[in-house]
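The values are calculated or read from the model by the stated rules, or taken from the named source; none is laboratory data. Just so it is clear, the model here is predicted, and its values are computed rather than measured. Note that each Cβ is placed from the backbone with ideal geometry, even for glycine, and that neighbours are counted across all protein chains shown. Side chains included, ligands, DNA and RNA excluded: accessible areas come from the protein's heavy atoms. Shrake-Rupley method; radii C 1.70, N 1.55, O 1.52, S 1.80 Å.
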Amino acid sequence: MAKPLVVVIPHQLGRTEARRRLENGIGQAKEMLQKAGLSMADATWSGDRLSFLVAAMNQRVDGDIDVEDDTVRVEVRMPLLLSIFAHKIQQIVSQNGTKLLTKQ
């Protein structure tokens, strides 16, 4: 297992609004993943933590999204084989997460 990929996205929404936006954005994320040939098998909330599982290239990638008052922390755990894509995944998560938390 490779070192987890962590992205911290600052926001000024407060915890409740940030979580609401993430909940509303899950459908969009699933659609985007499907277009890329990936599938989100599981996404469940426990308090202010969203745990997810994505299947990619016959590999499983799991992670958590923790919603705080002024940040959202995304941690993705992926097999060593997929870690070569870590930088690209980090960029995509950061860009799309920032868009989701800043759009009106």
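Observations on the structure shown:
- Here residue 75 does not qualify as of a type outside the set (Gly, Ala, Ser) and out of contact with any strand residue (DSSP E or B) (no Cβ under 7 Å at 6 or more places or on another chain).
- Filtered residue count, the range 60-90, keeping only those that are in contact with a Lys or Arg (Cβ under 6 Å, 6 or more places away or on another chain) and open to solvent by 30 Å² or more (accessible area, probe 1.4 Å): 2
- Subset tally (residues that are in contact (Cβ under 8 Å) with a residue 12 or more places away in the chain and not aliphatic (A, V, I, L, M)) for the range 1-27: 11
- Residues of the range 1-18 satisfying the condition of being part of a helix (DSSP H, G or I) and either of a type in the set (D, E, K, R) or open to solvent by 50 Å² or more (accessible area, probe 1.4 Å) (or both): 15, 16, 17
- Number of residues in the range 30-52 that are over 30 Å from residue 12 (Cβ atoms) and surrounded by 14 or more Cβ atoms within 10 Å (Cβ to Cβ): the value is 1.
- Selection of the range 19-28 for residues being open to solvent by less than 30 Å² (accessible area, probe 1.4 Å) and small (Gly, Ala, Ser) yields only 25.
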